[in-house]
Structure formats: structure tokens, C-alpha cells
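The structure appears right after this line, and notes come after that.
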Amino acid sequence: EKSRGSIFDKITKAVAGKSKVDDDVLDNLEEILVTSDVGVETTLKIIDRIEARVEKDKYVDAQELNQILHEEIASLLDENKSEDVDGFSIPEGIEGPYVMLVVGVNGVGKTTTIGKLSAKFKAKGYKVVLGAADTFRAAAVDQLKLWGERTGVEVVAKGMNVDPSSVAFEAVKKGVDSNADIIIVDTAGRLHNKVNLMNELSKIKRSMQKVAPGVPHDVILVLDGSTGQNAQNQAREFMKATEVSGLAITKLDGTAKGGVVIGISDEFKIPVKYIGVGEGVDHLQAFRKMEFVESLFGGRDATKTN
Amino acid sequence: MFDNLSNRIDRAIKNLKGEGSISEINVASTVKEIRRALLEADVNFKVAKEITNEIREQALGENILIDVKPGQLFTKIVSDKLTELMGGEMTPFSPQGSPATVLISGLQGSGKTTFTGKLGARLKKQGQQVLLVAADVYRPAAIDQLETLGEQIGVEVYTERENKNPVSIAENAVKHAKTNGKSIVVVDTAGRLAVDEQMMNEIEAVKKAINPSETLFVVDSMTGQDAVNTAKAFNDRLDFDGVVLTKLDGDTRGGAALSIRRVVEKPIKFISTGEKLDNTLDEFHPDRMAQRILGMGDVISLVERA
Ligand SMILES: Nc1nc2c(ncn2[C@@H]2O[C@H](COP(=O)(O)OP(=O)(O)OP(=O)(O)O)[C@@H](O)[C@H]2O)c(=O)[nH]1
Ligand SMILES: Nc1nc2c(ncn2[C@@H]2O[C@H](COP(=O)(O)OP(=O)(O)OP(=O)(O)O)[C@@H](O)[C@H]2O)c(=O)[nH]1
Ligand SMILES: [Mg+2]
Ligand SMILES: [Mg+2]
């Protein structure tokens, strides 16, 4: 399995006996990045930066190049501003319940991520309310309700085929009235090129703001980790439609590397907050930048020689 | 943001002319541009490399170096090549047997259950006696989802809510179909990762048990570089008969389709273009897909301008 080999092995091989970063090294690097869905443009950007760094630092060996590589890629990932250590706390300075809205294209893992989030928050002692505002996809409400049962969290639902805005309104209201700590609203999957569906998001947001101005505090865009370059378009359009403040990357338990997120985080300055690593309730982690970069390169500590 | 291929070729050709002499090296740089365009469309790295090597050979063979309009010749070569790669003609879907049986497989969230509903609607319209089978025993509300779709299209859905074994559910469903005069059975299964040994064993067992007339692999058209690996792994286990491409109502280029077609050598049988069940399931047209991958509308006009 070529693409899963360690980058360090490859770099070592490529630079063996050489005194500079030559085309072999760069070709190798290009292959590794592109096959991780990093995309041509971002890959070229990374390569340019590495060339510049190497020029300046007068690189000597593979070990150092490897280090530079990690640093440069990591620097493209926007920093999560919160001081939160484990990624599952309420941001500072919020009055009333902390409200999250979860959005994304079809089938990426929104509902599942919400189920997992509610378990994490509940385990920390927070009172959580979920809003079942996907009233479109067959059995979407049932699905969220089952997650609510599984995690012991209340789900506000008004059934199928009702206006999602009214469900979002009710959910926020219920959360505020019952002194919940956290409210998470699920939405139907929508492709970013469908104007009406994207406009619906603004409407959902406005209806939530009728209960509590300033909500949602966070809009999480869920991206499927196996998505290719289209994720760029998704991020762009969802950013336009609603103020996306964080990303969740799902399905990273497969062989896909989720590399597309590097370009997105860099271009749109959105931090990755969560990663999904399975279908189970515990399979959600706070995003760790360096771990992600390592896993891009085959899952082993690339700075260790053997 | 993504440059389309015609722009790229145009630019590369201008460079050729600027240099005064057209050499093999210049052709190589044009080919490199084409390769990048393919990668941006999510064509698999290795596949893109192979294709562009073939294109270069052909371009040199047709003596593009002395052609007065090398750009146009190049463009045509690329366009023809991709169409050829997408598979010459359409392969019909016509499962045999009484009842005929169809097994649906794929990754999580790729659109299997929705496709099962769509296929059910289509087969019913063709006068078949259809039975849909809910053999996803894992995803919360998966059975409810398929039942809802069955109701919408007026087709019976076979369920065993207490049975957690998809193999016996599928077997029992086929028996049920036989005794109830059904002509075709479509088995929806849970989403699974190709690296999940246990889950891959499970679907292999389902296949063995019912020996389906057709096994279909459902893939999200937004998938990136990993699509090929996944398709290959599923094919190694299931030797599927065809591919279903979903979510093509988005703006993805769909380069994964080309890559799967080339690596797995199985025909693409259906494309799915919406969440609704009616009129969103189409036959696959290789030429249209080839054009989509490269934003080829422009390329064709470029050739015509000549
Ligand atoms: N392997 C794996 N599967 C996941 C992960 N997250 C979600 N899934 C699966 O992906 C499928 C889709 O998840 P959902 O949560 O229903 O996705 P969604 O975005 O809510 O889908 P729609 O509401 O239909 O747009 C389900 O089968 C989930 O179990 C993950 O991190 N890893
Ligand atoms: N826009 C669009 N959405 C689609 C299409 N096909 C399926 N979907 C949506 O994609 C999401 C996932 O579809 P499902 O049919 O639940 O996918 P699945 O493969 O059965 O998912 P799991 O059973 O969880 O693995 C749903 O929101 C569907 O409505 C399509 O062609 N276009
Ligand atoms: Mg959902
Ligand atoms: Mg399903």
C-alpha cells in the first residue's frame, strides 16, 4: 500500500545522497499530498513555501526537511481560538444556553455528529437539548430521537414535513425556558448549489434569533473526510449562506485522509473543531492539528527515524 | 477558482508559441497542465498520470509538434480519450431470475437507501412486483427510513425489526418474495468502510446467501482520491456488476467516476440527481460525464472556433 507508507521513508529515500531538495523530492511530496485530497493548488502552495524555507535555512538532511514539512502544513490549518483543552466545553462569555447549528451537504454525518456531541457534553454534566429541524429526509426525526434516547438527551421535534424554522425556534425556546446549557439544532442535508435550500438556512437562523439574539454562537459545517475537491465549493457556499465558525470532519476511520480541509481552513480561516472516527457514540474527537498532519503522512511519527 | 481545461491548454499553448519552437519539453508542460486539471476534478492521482502519459504518446504520435493548431488537436485528443475511458456504450440494468435479486452496497451516507427507493419506483413503473428489503440493522432508524420511502412509492418493504442478522433477513425476504409473487427483490444494506473486516465479511455472506442477480456499488460523486481504493476493495469482495453515482445534482466534477471505471472496469449503470424519488434516476452517458469532469463545454467551443 504505497499511499499509506510513511512520508519519512519516502523523503529519506528521495533525498538520500543529495544536498538539495530536487525534483524527486518535490514530485514525491506532490504525490503524497494530492493523494490525500490536499488539492493541486494547496499542494503547490506548500511546495513553494518549503522551497523558500529550504532556500533560507539551507536544509541539510531528511529529518529537518520532514520537520519543515510538518510545520508548513500545520501553519495552513487555522487555529482554534478557544482555550478549551478537550474541545467539548462552552465558550466563555455566553449568556444563556450555548447554541450550535449544524449544517452540511447530504449524508456527511451531521445527525450522527450531533448524537456524539450530545454524549460528550452530557458526560461533562451539561444539560443538552437537541432540535430535530431536518423535517425532510425520510425518518430523519426518528434518527435524531434514537440518538437522544441513546445519550439520554431531550429532543425537540414537531414531526416530519413541518417548517424547519419553526422547529429551530421551538428548540431554542425549550432550551432557554428549561435552563439548558447547550442547544444543538440538526438540519437537513442540502447541496450548496441549491439556492432555495441555502436561503432556508438564513431563515432558520433568524427564527432562532427571535428567541435569543446572537444565536447560534457556533455554526458547524460538517464535511465528509472522503470528499474530494468539491469540499472547497461546499465551504465557500455555506460560508456565504451562514456564518460558519467551525468544521467537523467525519469518517476519518476509513482510509481517506481528509486533506482537502487544509486548503479550506487556510482559505476561509475556519478552524477544524471535531473529527468523526466511527459510527459509535464515542467516536468523536477534538481536532488536534499535529496528529492530523501526521496521519496525513501514514499515521506514524514522522520525526522518528525508525 | 478552478481553472477549466480549455483555459489551461490555451495558456500552455501560448507559452509554446512564445518560445518560438515547439519541442517535446513544451508538450510535456502542456500535458502537466492537463494532469493538474484532472486532479482538480478528483481524478485519481495514478489514473491521471497514466491517462496523461497516454495522451502525450498520442499527441507525439500524431505529430502535434508540427501541427499548425496544436492546441485544438490536443484538446480533441483529451476529449476523445476521456470519453473512451468512461466506457464506450451504456450497459443496461436487467437483472434476471424469479425473483430477480439486487444487492445494494457502499460506504456510509453514499445514498444506498435513497437509491433503493428510487430503483423501487422505477421498477414498479415498469410493471414489476417489487419487494424492498431493510437489511441495515445498525444505523438508527434505517428501517423506518426505507419504510417511509416504500410508503411514498407504494412498494412493500420487508422488515424484521427484532432480527439483527442481515444474512437471514435477506434470505427470509427472498422466500417471502417467492411465496408472494414478487418479481424483483432489492436489498438495502448498512453503510460500511472497506477496511472494516467484520462488516465486509457480513456483506459477502449476504451475497453468498442470496446469490443476487446484480450487485451494485453506490458511490457519492463528490468522493476524492480514495474512491478508487474503496471501489477496488468492495469489488475484490463482492465482484459487483455495476456502479451507481449519486448526488450528481451538485457541482462536483466527478473525476472519481472516471477513476473507478478505469481501475475496476465495471460499468456505471445509474446516476442519481436529487433527493426526491421521482425523475432523479438516470442512465449514464459516458460522453456527458467526460465533459463534466473537465468543464468541457468550453473545450468543445474552443475546438469549434478553429
Ligand atoms: N465510519 C463512519 N461513519 C460515520 C461517521 N459519521 C457518520 N457516519 C455514518 O454516515 C452515515 C450518514 O450519517 P448521518 O449522521 O445520517 O448524516 P447526515 O449528514 O445527518 O445525513 P442527512 O441528514 O441525510 O444529510 C451514517 O451511516 C453514519 O453512521 C464517522 O465518523 N465514521
Ligand atoms: N442531492 C442529492 N441527495 C441525495 C442523493 N442520493 C441520496 N441523497 C441524500 O444523501 C443522504 C444520504 O442518503 P441515504 O440514502 O440515507 O444514504 P445511505 O447510503 O443509505 O446511508 P447509510 O445507510 O447511513 O450508509 C440523504 O440526505 C439523501 O437524501 C442525490 O442523488 N442527490
Ligand atoms: Mg441528518
Ligand atoms: Mg441507508
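Considering region A:85-132 at the alpha-carbon level, its Rg and Dmax are found to be 11.7, 33 Å. Neighbouring Cβ atoms from other chains, within 10 Å of the Cβ of residues in A:137-149, number 5 on average.
Please work out the ratio of the alpha-carbon Rg of region B:141-264 to 2.2 N^0.38 Å and round it to two decimals. Output field value: 1.15.
Projecting the alpha carbon convex hull of region B:191-253 along each direction and taking the average yields 4.6 nm². Quotient of the Cα radius of gyration of region B:49-152 and 2.2 N^0.38 Å, N being its number of residues: 1.77. With the simple model of a label 7 Å out from the Cα in the direction of the Cβ, residue A:56 to residue B:172 spans 6.7 nm. Legend: P(r) of region A:155-233 from all alpha carbon pair distances, 5 Å bins from 0, whole percents, reading 3, 13, 23, 23, 17, 11, 7, 2, 0.
Three principal axis extents describe the C-alpha atoms of region A:176-306; from largest down they are 58, 35, 25 Å. So, in Å, what gap is there between the alpha-carbon centers of region A:233-263 and region B:216-274? Going from one Cα centre to the other spans 21 Å. Normalising by residue count, region B:88-143 has a Cα convex hull of 113 Å³ per residue.
Expressed as a whole percent, how much of the Cα-Cα distance distribution for region A:166-211 exceeds 17 Å?
Cα-Cα pairs of region A:166-211 separated by over 17 Å account for 36 percent.
The mean of 1/r over all distinct Cα pairs in region B:240-280, once inverted, gives the Kirkwood hydrodynamic radius of 11.0 Å. Pairwise alpha-carbon distances in the protein assembly as shown exceed 46 Å for 18% of all pairs.
With R₀ set to 22 Å, the beta-carbon distance separating residue A:196 from residue B:282 gives a calculated FRET efficiency near 0.50. Taking beta carbons within 10 Å but only from partner chains, what does the mean come to for residues B:35-42? Taking all residues of B:35-42 together, the mean is 5. Gyration tensor analysis over the Cα atoms of region A:64-168 returns equivalent ellipsoid semi-axes of 32, 18, 13 Å (largest first, whole Å). Chain B against chain A buries an accessible area of about 3400 Å², both chains summed, 1.4 Å probe radius.
Of the peptides A:142-155, A:238-251, the order by per-residue mean of other Cβ atoms within 10 Å, starting with the highest, comes out as A:238-251, A:142-155. Within 10 Å of the Cβ of each residue in A:25-34, the mean number of Cβ atoms contributed by other protein chains is 2.
Would you tally the net charge around residue B:227, using a Cβ to Cβ cut-off of less than 14 Å, leaving residue B:227 out, and scoring K and R as +1, D and E as -1?
Around residue B:227, the charge tally is +4.
Estimated at 0.36 nm per residue, the fully extended path between residue A:81 and residue A:206 surpasses their Cα-Cα distance by 42.4 nm. Per-residue ellipticity at 222 nm computed for the protein assembly as shown from its helices equals -15000 deg cm²/dmol, with DSSP H segments shorter than 4 residues left out and the rest contributing -39,500 (n - 2.57).
Taking the inverse of the mean 1/r over every pair of distinct Cα atoms in chain A gives a Kirkwood hydrodynamic radius of 20.4 Å. Taking packing as the residue-averaged number of other Cβ atoms within 10 angstrom, the listed peptides A:86-92, B:74-80 run from highest to lowest as B:74-80, A:86-92. Taking only the C-alpha atoms of region A:118-197, the Rg (one decimal) and the largest Cα-Cα distance, Dmax (whole number), read 12.8, 39 Å.
The values are calculated or read from the model by the stated rules, or taken from the named source; none is laboratory data. These numbers were taken from a predicted model, which means no experiment stands behind them. Reconstructed Cβ throughout: ideal geometry from the backbone, glycine too, with neighbour counts over all protein chains shown. Remember, those area values only see protein heavy atoms, side chains included, never the ligands or the DNA or RNA. Shrake-Rupley method; radii C 1.70, N 1.55, O 1.52, S 1.80 Å.
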